[in-house]
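Novice: Structure provided below as structure tokens; questions to follow.
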Amino acid sequence: MTSEQYLNAEEARQCLQEHLRNVGDIEQRELKNEGEHALLIYLKSMCDPAMINDNLINRFYELNSLELYDQFIRSFPSSVEPKDKQELLRNILRGCVAIFIRDSVLLFDAVLVNAGFIQPASTENVIQGPNDSFTENIEVNLNLIRHRYQTENLKTEFMTLGKISQTRIIIMYDAYKVEETVLEELRKRLSEIKADIVQSASEIERHTMHPKFRLYPTLMLTERPDRTVLNISQGKIAVLMDSTGYALLLPAIFNDFFTAMDDKIQLPPIGWFLKGIRYIALFVTVLMPSLYVAFTSYNPEILRMQVTLLIAGSRATVPYPSFFEVIFMLLAMEFLTEASVRLPKAIGQTATTVGGLILGTAATEAGLVSNIMIILVSAVAITNFVIPITMMSSGIRVTKYLFIVLATFFGLVGIVLGMVAMIMYLTSLRSFGKPYLKMFAVDWNKKGDQRSG
Amino acid sequence: MKDLKRWLVWLMCCSFLFVSGCDFRDIDLRLFVVSIGIDVSEKNPDMNRFTFKMAIPSGDPKIGDKKSFLITQESTSIAEAIREVKSKVDKELDFGHCKGVMYGEAYARRNISKIQDWTVRRRDMQLLMYPAVAIPSAEAVLKTDPPTERIAGNAIFLALSEDGTESPFITRTYSFDLSRRMLEEGEDPVMPVVETTTDKILNIERVALMDKDKVKVILTPDETRLFNLLDRRNLSTNFGTIMDGKLLEVNTDRTRARYKIVTDKPGEETIDFNIRITAILEEKEDPTQLNQKGLHKIEEQFSKELSQAVKNLLERIQKTGLDPLGFGLRYGGTHWNNKTEMDEWDAMYPHAKFNVSVKVKIKSTGYKR
């Protein structure tokens with residue numbers, strides 16, 4: 001340890017004064033004691049005052065000599081001596097205190113942490129089972145995972161992202177189970193991120209995945225530590241990020257988005273049943289509106305005569321063609337969903353009640369839409385919410401409109417072609433080189449399928 | 001500029017939604033023809049009288065009123081008749097739910113092949129529809145309005161398809177099967193007979209045997225039941241007999257008819273029928289207790305009587321020269337002989353003998369002791 005490598009105190013002070021000229025919350029404290037003299041410079045808003053008082057100011061007066069004080073500070077695990085101005089500045093901005101003792105400068109980590117309590121999960125609920133969700137603090141999140149996955153194979157790699165935001169991220173994986181190629185690919189893609197500000201885990205998703213234009217998520221975003229741990233134990237990689245309550249899990253396949261943590265908690269046959277229900281819901285929500293269009297406008301002979309006459313009767317007053325009717329109602333439902341998400345909780349209730357009344361009763365009574373349509377819309381809405389991961393259910397929400405367009409032009413044939421196209425599209429997707437629709441597929445060949453996606 | 005172009009393309013694509021194609025006709029703009037009837041015309045011998053029964057959808061399914069209406073049209077061909085009917089209604093005629101063709105008896109005794117061919121040729125007509133002979137006329141049958149019917153025209157299909165009722169007197173025939181049999185060598189078509197006497201009740205209890213394209217014989221209800229016993233498995237029906245002046249009825253549980261064409265001796269070919277019936281004793285007038293021996297006696301009597309009845313039926317069918325059970329097809333299929341086998345069969349069938357052995361087994365006396 002030669003002192004030449006480190007930053008000179010005078011130089012450091014000038015640098016700080018120059019760079020932090022107009023910063024309001026900069027704090028300079030001079031400590032003087034019988035000719036001995038030290039200077040603290042820190043950002044008031046980022047540092048913990050109690051820690052500074054206890055560890056820096058009080059000790060200065062308790063310890064007799066400046067050498068002792070210097071050694072005392074150096075003994076903290078979180079204190080470093082900066083090598084250049086860049087490091088100094090970055091750490092000050094992060095929440096470190098710069099301590100000038102004679103002609104050396106030391107950085108002491110006094111970051112103020114607003115950890116808050118661990119909240120129960122809000123977007124992925126389970127009936128029985130752990131209910132913790134990630135907090136916005138990365139250390140707490142790390143603790144939540146480590147707590148559940150106690151092995152030395154759990155590796156963590158730290159990185160920072162974003163030129164300005166300097167967001168800290170942690171890549172976590174089980175060193176024995178992870179696939180090296182996926183890990184390499186992830187590191188490469190993360191280092192390629194050029195964005196100034198990275199604030200949420202989904203931004204990483206957007207910046208790393210190609211093709212950029214996708215309908216279905218190929219990375220899983222979760223707020224549940226137990227899901228993260230489960231996925232790590234399956235050989236996947238988790239990316240934690242500071243100031244977001246979500247972790248990114250990769251590679252993700254289509255089936256993952258239809259898995260709730262309940263499946264593991266319940267007895268196996270019940271778990272299979274629940275999963276089956278979700279896939280049925282997928283088909284219902286995607287196909288119902290388009291099938292309605294096809295059956296009422298192109299192929300009424302497929303349904304039973306009773307149903308045909310029922311639809312024909314209830315449509316007798318409807319002035320518009322079937323696809324208009326479907327699109328109107330589905331859009332109304334989308335507006336309702338969107339409104340109830342964005343509205344403050346207090347008003348949210350009103351939106352649902354009014355919307356429900358208008359959609360459910362008034363529209364049919366006015367003869368604008370058929371009775372069957374109301375049943376259909378509610379079935380579509382409910383089944384859409386069955387899909388446990390929000391990113392996926394949004395993708396599915398969009399898909400059904402594509403099917404309606406196909407059904408409008410080509411009837412049942414269009415729907416069948418749409419199904420084929422959708423399966424082809426899903427099979428063409430890759431998540432970090434892994435086939436996306438690998439549900440029942442056997443891993444025939446590990447090579448060759450490495451096209452990134 | 002590039003953005004503008006892209007938006008214009010999008011706009012054009014979206015505007016396609018407003019252009020609905022020629023084939024796009026919503027369900028409420030269609031009239032569903034549920035059945036067609038064909039009769040001979042009384043006035044003009046060249047023309048036929050076509051009846052179309054259409055269902056009118058009701059707005060409120062809870063009320064349960066079903067409406068239908070009939071359009072009768074005299075025309076030379078059915079295609080012509082449909083065009084003429086189209087100009088009498090306000091909506092598109094849709095044959096996607098047409099599930100019945102009623103041939104009036106007079107028409108069916110002439111030649112049904114023209115219409116039958118039309119029904120299997122037309123793309124929107126289902127091959128699963130039910131053809132039947134209508135007595136006294138197709139129009140009368142279509143006009144009947146059974147009070148149990150919930151949807152216009154449904155009663156007749158529920159009965160003919162045996163979805164609704166299960167009767168031993170109904171011979172279920174599909175349109176595709178009828179067309180097949182009309183062309184098949186060695187198997188002749190059959191059709192159920194729908195009769196209406198009052199305007200409320202449809203009576204389907206007989207079967208019409210056809211000579212390829214026209215009705216030749218209509219069997220009696222009892223014969224129809226025996227015919228169905230030979231034609232399919234597990235017919236649920238009842239058979240009665242009188243023993244010592246007291247009536248006995250059994251209800252069949254399982255039935256199975258098999259036959260073998262025995263051609264060992266030329267000139268003395270036989271068709272050996274082997275019928276097994278498991279039944280439950282359902283009605284018994286005699287109040288005395290039954291024992292095992294008495295039961296055997298009942299079984300024997302049933303076997304004997306049924307054997308005779310089946311034999312009579314088969315001989316009656318043989319006399320008409322028809323082959324509704326497909327003996328010829330079986331013979332042709334098992335005696336391949338470079339195109340001469342069907343000639344052999346034609347020579348053989350009129351003098352072939354029938355050996356019928358019916359074995360009735362009474363599984364339960366229906367009595368708890």
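Novice: Answer with yes or no whether B:ILE317 is crowded, with 19+ Cβ neighbours inside 10 Å, more than 28 Å from the chain's Cα centre (by Cα) and in a helix (DSSP H, G or I). Explain how you work it out, then say what you get.
Specialist: On the way: crowded, with 19+ Cβ neighbours inside 10 Å: yes; more than 28 Å from the chain's Cα centre (by Cα): no; in a helix (DSSP H, G or I): yes.
Spelling it out, it is not the case that B:ILE317 is crowded, with 19+ Cβ neighbours inside 10 Å, more than 28 Å from the chain's Cα centre (by Cα) and in a helix (DSSP H, G or I).
Novice: Also, quick follow-up: How many of the residues in region A:98-142 are of a type in the set (Phe, Trp, Tyr), surrounded by 17 or more Cβ atoms within 10 Å (Cβ to Cβ) and part of a loop (DSSP other than H, G, I, E, B)?
Specialist: Residues that pass the stated criteria total 1.
Novice: Something else about it: Could you please let me know if B:THR241 is more than 14 Å from chain A (Cβ to nearest Cβ), within 30 Å of A:GLN306 (Cα to Cα) and in contact with a helix residue (DSSP H, G or I) (Cβ under 6 Å, 6 or more places away or on another chain)?
Specialist: No; evaluated as a whole, the condition is false for this residue.
Listed here are the residues, each with its yes/no results for (1) within 18 Å of B:LEU325 (Cβ to Cβ); (2) modelled with pLDDT of 85 or more.
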{"residue": "B:LEU230", "(1), (2)": "yes, yes"}
{"residue": "B:ASN234", "(1), (2)": "yes, yes"}
{"residue": "B:ASN238", "(1), (2)": "no, yes"}
{"residue": "B:ASP244", "(1), (2)": "no, no"}
{"residue": "B:THR255", "(1), (2)": "yes, yes"}
{"residue": "B:LYS260", "(1), (2)": "yes, yes"}
{"residue": "B:THR263", "(1), (2)": "yes, yes"}
{"residue": "B:GLY267", "(1), (2)": "no, no"}
{"residue": "B:THR278", "(1), (2)": "no, yes"}
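Novice: Given the residues A:ALA363, A:ALA407, A:ALA381, which is the only one that is closer than 23 Å to A:ASP262 by Cβ, crowded, with 16+ Cβ neighbours inside 10 Å and touching a helix residue (DSSP H, G or I) at 6+ places or on another chain (Cβ under 8 Å)? Break it down into steps so the answer makes sense when it comes.
Specialist: Values: A:ALA363 fails: closer than 23 Å to A:ASP262 by Cβ; A:ALA407 fails: closer than 23 Å to A:ASP262 by Cβ.
Answer to the check: A:ALA381.
Novice: Which one of the conditions (1) in a strand (DSSP E or B); (2) farther than 16 Å from B:ASN355 by Cβ does B:ALA257 fail to meet, given that it meets all the rest?
Specialist: (2)
Novice: Take region A:283-301 and flag every residue that is surrounded by fewer than 23 Cβ atoms within 10 Å (Cβ to Cβ) and more than 8 Å from every other protein chain (Cβ to nearest Cβ).
Specialist: Listed by number, the residues that qualify are A:PHE283, A:VAL284, A:LEU287, A:MET288, A:LEU291.
Novice: Could you list, in sequence order, all residues of region A:195-204 that are touching a residue at least 24 places away in the same chain (Cβ under 8 Å) and not polar (S, T, N, Q)? Spell out how you get there, then give the answer.
Specialist: Let us first name the residues in region A:195-204 that are touching a residue at least 24 places away in the same chain (Cβ under 8 Å), namely A:195-202, A:204.
The answer is A:ALA195, A:ASP196, A:ILE197, A:VAL198, A:ALA201, A:ILE204.
Novice: Between residues in region B:155-181 that are of a type in the set (Lys, Arg) and residues that are assigned to a loop (DSSP other than H, G, I, E, B) and surrounded by fewer than 16 Cβ atoms within 10 Å (Cβ to Cβ), which pairs lie under 6 Å by C-beta distance while being six or more apart or on different chains?
Specialist: B:ARG172/B:GLU162
Novice: Output the number of the condition that A:ASN64 fails; it satisfies all remaining conditions of (1) modelled with pLDDT of 80 or more; (2) more than 34 Å from the chain's Cα centre (by Cα).
Specialist: Of (1) modelled with pLDDT of 80 or more; (2) more than 34 Å from the chain's Cα centre (by Cα), only one is false for A:ASN64: (1).
Novice: Going by the conditions given, is B:ASP199 more than 14 Å from every other protein chain (Cβ to nearest Cβ), assigned to a loop (DSSP other than H, G, I, E, B), in contact with an Asp or Glu (Cβ under 7 Å, 6 or more places away or on another chain) and surrounded by fewer than 19 Cβ atoms within 10 Å (Cβ to Cβ)? Before you say what the answer is, go through the steps one by one.
Specialist: Details: more than 14 Å from every other protein chain (Cβ to nearest Cβ): yes; assigned to a loop (DSSP other than H, G, I, E, B): yes; in contact with an Asp or Glu (Cβ under 7 Å, 6 or more places away or on another chain): yes; surrounded by fewer than 19 Cβ atoms within 10 Å (Cβ to Cβ): yes.
In short, yes.
Novice: If you take just the helices (runs of 4 or more DSSP H) that sit entirely in region B:89-173, which of them hold at least 2 residues that are closer than 19 Å to B:ASN203 by Cβ? Quick ask: steps written out before the conclusion?
Specialist: Working: elements: B:105-108, B:113-121, B:138-143, B:154-161.
Filter on region B:89-173 gives B:105-108, B:138-143, B:154-161.
Novice: Checking the condition modelled with pLDDT of 80 or more, farther than 24 Å from B:LEU128 by Cβ, aliphatic (A, V, I, L, M) and in contact with a helix residue (DSSP H, G or I) (Cβ under 9 Å, 6 or more places away or on another chain), which residue from B:VAL9, B:VAL40, B:VAL34 passes? Quick ask: steps written out before the conclusion?
Specialist: Values: B:VAL9 fails: in contact with a helix residue (DSSP H, G or I) (Cβ under 9 Å, 6 or more places away or on another chain); B:VAL34 fails: farther than 24 Å from B:LEU128 by Cβ.
Testing whether each residue is modelled with pLDDT of 80 or more, farther than 24 Å from B:LEU128 by Cβ, aliphatic (A, V, I, L, M) and in contact with a helix residue (DSSP H, G or I) (Cβ under 9 Å, 6 or more places away or on another chain) leaves just B:VAL40.
Novice: How do the pairs read when you match residues in region A:384-413 that are away from chain B (no Cβ under 14 Å) with residues anywhere that are of a type in the set (A, V, I, L, M) and not in a helix (DSSP H, G or I), using Cβ under 7 Å and keeping only pairs 6 or more apart or on different chains?
Specialist: A:PRO388/A:ALA260; A:ILE389/A:MET220; A:MET391/A:LEU221; A:SER393/A:ILE387; A:GLY395/A:LEU215; A:ILE396/A:ILE387; A:VAL398/A:LEU215; A:THR399/A:LEU215
Novice: Here are the criteria: (1) loosely packed, with under 15 Cβ neighbours inside 10 Å; (2) within 14 Å of another protein chain (Cβ to nearest Cβ); (3) touching a helix residue (DSSP H, G or I) at 6+ places or on another chain (Cβ under 8 Å). Tell me which single one A:LEU343 does not satisfy.
Specialist: Answer for A:LEU343: the failing condition is (2).
Novice: Regarding region A:259-266, can at least one residue be identified that is assigned to a helix (DSSP H, G or I) and either modelled with pLDDT of 85 or more or within 30 Å of B:LEU158 (Cα to Cα) (or both)?
Specialist: First, the residues of region A:259-266 that are assigned to a helix (DSSP H, G or I): A:262-265.
Then drop every residue that is not either modelled with pLDDT of 85 or more or within 30 Å of B:LEU158 (Cα to Cα) (or both), which leaves none.
Taking every residue of region A:259-266 in turn, none turns out to be assigned to a helix (DSSP H, G or I) and either modelled with pLDDT of 85 or more or within 30 Å of B:LEU158 (Cα to Cα) (or both).
Novice: Still on this structure, please answer the following. Is there a residue being closer than 20 Å to A:SER133 by Cα, of a type in the set (Ser, Thr, Tyr) and either in contact with a strand residue (DSSP E or B) (Cβ under 7 Å, 6 or more places away or on another chain) or part of a strand (DSSP E or B) (or both) anywhere in region A:216-225?
Specialist: Keep residues of region A:216-225 that are closer than 20 Å to A:SER133 by Cα, which gives A:219-225.
Going one step further and asking which of them are of a type in the set (Ser, Thr, Tyr), we end up with A:222.
Now restrict to residues that are either in contact with a strand residue (DSSP E or B) (Cβ under 7 Å, 6 or more places away or on another chain) or part of a strand (DSSP E or B) (or both): A:222.
Looking through region A:216-225, at least one residue is closer than 20 Å to A:SER133 by Cα, of a type in the set (Ser, Thr, Tyr) and either in contact with a strand residue (DSSP E or B) (Cβ under 7 Å, 6 or more places away or on another chain) or part of a strand (DSSP E or B) (or both).
Novice: Turning to a different aspect of this structure: I'd like the full set of residues that are assigned to a loop (DSSP other than H, G, I, E, B) and surrounded by 15 or more Cβ atoms within 10 Å (Cβ to Cβ), limited to region B:264-301. Full working, then the answer.
Specialist: First, the residues of region B:264-301 that are assigned to a loop (DSSP other than H, G, I, E, B): B:264-269, B:285-291.
Within region B:264-301, B:GLU269, B:LEU290 meet the criteria.
Novice: Which of the residues belonging to region B:120-157 are under 20 Å from B:PHE176 (Cβ atoms) and within 14 Å of chain A (Cβ to nearest Cβ)?
Specialist: B:ARG122, B:ARG123, B:ASP124, B:MET125, B:GLN126, B:LEU127, B:LEU128, B:MET129, B:TYR130, B:ILE156, B:PHE157
Novice: Still on this structure, please answer the following. Go through region B:111-142 and give me each residue that's touching a residue at least 60 places away in the same chain (Cβ under 8 Å) and surrounded by fewer than 16 Cβ atoms within 10 Å (Cβ to Cβ).
Specialist: B:ASN111, B:SER113, B:ASP117, B:PRO136
Novice: Just checking, does region B:169-191 include any residue being within 14 Å of chain A (Cβ to nearest Cβ) and polar (S, T, N, Q)?
Specialist: So the first thing to find is which residues in region B:169-191 are within 14 Å of chain A (Cβ to nearest Cβ), and the list is none.
No, region B:169-191 contains no residue that is within 14 Å of chain A (Cβ to nearest Cβ) and polar (S, T, N, Q).
Novice: Then there is this: Taking region B:25-52, which residues are among the aromatic types (Phe, Trp, Tyr) and either outside any strand (DSSP E or B) or within 14 Å of chain A (Cβ to nearest Cβ) (or both)? Steps first, please.
Specialist: Narrowing region B:25-52 to residues among the aromatic types (Phe, Trp, Tyr): B:32, B:50, B:52.
The one that is among the aromatic types (Phe, Trp, Tyr) and either outside any strand (DSSP E or B) or within 14 Å of chain A (Cβ to nearest Cβ) (or both): B:PHE32.
Novice: Something else: When you scan region A:37-57, do you find a residue that is free of Cβ contacts under 8 Å to residues at least 40 places away in the same chain and crowded, with 16+ Cβ neighbours inside 10 Å, even just one?
Specialist: Checking region A:37-57: not a single residue is free of Cβ contacts under 8 Å to residues at least 40 places away in the same chain and crowded, with 16+ Cβ neighbours inside 10 Å.
Novice: For region A:248-258, give me each residue that is more than 13 Å from A:SER393 (Cα to Cα) and touching a Phe, Trp or Tyr at 6+ places or on another chain (Cβ under 6 Å).
Specialist: A:LEU250, A:PRO251, A:ILE253, listed by residue number.
Novice: May I pose another question? Of A:VAL326, A:VAL307, which residue is under 23 Å from B:GLY153 (Cβ atoms) and more than 9 Å from chain B (Cβ to nearest Cβ)? Spell out the reasoning first.
Specialist: Values: A:VAL326 fails: under 23 Å from B:GLY153 (Cβ atoms).
On inspection, the qualifying residue turns out to be A:VAL307.
Novice: Within region B:61-79, is there a residue that is within 9 Å of chain A (Cβ to nearest Cβ), modelled with pLDDT under 85 and surrounded by fewer than 16 Cβ atoms within 10 Å (Cβ to Cβ)? If you could, list the steps in order and put the result at the bottom.
Specialist: Keep residues of region B:61-79 that are within 9 Å of chain A (Cβ to nearest Cβ), which gives B:61, B:66.
Next cut, modelled with pLDDT under 85 only: B:61, B:66.
Retained after the next criterion (residues that are surrounded by fewer than 16 Cβ atoms within 10 Å (Cβ to Cβ)): none.
Checking region B:61-79: not a single residue is within 9 Å of chain A (Cβ to nearest Cβ), modelled with pLDDT under 85 and surrounded by fewer than 16 Cβ atoms within 10 Å (Cβ to Cβ).
The values are calculated or read from the model by the stated rules, or taken from the named source; none is laboratory data. Keep in mind it's a predicted model, so treat the numbers as computed, not measured. Reconstructed Cβ throughout: ideal geometry from the backbone, glycine too, with neighbour counts over all protein chains shown.
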